[in-house]
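Data block below; observations after.
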Amino acid sequence: NICLAGWLMIRNSSRYLTQIHAYALEFFGRITLETYVLQFHVFMCQNVQQIPVVIPGSDAEGSLGLKTANMLLCGTLFVALAWWARKVTVSTQTTVTDLVKEIRKAGTHEHANEEAESFVKSEVEMKHLTKVETNSGGEVV
């Protein structure tokens, strides 16, 4: 507790120190949500009874060097996956936000009716294209 209070006092002692930051902490701070969510999907396999083994021989009976290498490789892959998931999240958020703005901007009744008619026509065409024809015996033609 004293170390943390000392760090905060030093960091807040000048404008220069409050403006600089550690880029590694910023990077990990940006992907925190993704790492939290992905840990359940990546690391918690088989009811958390086993860990991912990427390097053969790095399981529970393996050497310390192989276990360490496996941990570093899995950690690196996990951080890369979280970074990629963050990019996809931001891209999806931007796309949906832009789509909602466009829908709101073009929200007149006339335009909405035209879009609805276009959607119905395309849905009818899709049903026609995906219709499976069968003969009298029930076999697909």
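Bear in mind these aren't lab numbers, they're just calculated from the coordinates by the rules spelled out. Since the model is a prediction, treat every value here as computed from it, not as a measurement. With ideal geometry, Cβ positions are generated from the backbone for all residues, glycine too; neighbour counts draw on all protein chains shown.
The table that follows gives values for the structure above.
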{"read-out": "Inter-label distance for MET71 and VAL88, nm, one decimal - labels placed 7 Å from Cα along Cα-to-Cβ", "value": "2.8"}
{"read-out": "Residues ILE103 and ILE10, FRET efficiency given R0 of 35 Å [Cβ-Cβ distance, rounded to 0.05]", "value": "0.10"}
{"read-out": "Whole-Hz ³J(HN,Hα) from phi, Karplus 6.51 cos²θ - 1.76 cosθ + 1.60, for segment 72-79, glycine and proline x", "value": "5, 5, 4, x, 5, 5, 5, 5"}
{"read-out": "Gain upon complete extension [GLU61, VAL96; 0.36 nm per residue less C-alpha separation]", "value": "7.7 nm"}
{"read-out": "P(r) tail fraction, segment 1-108 - alpha-carbon pairs more than 19 Å apart, %", "value": "67"}
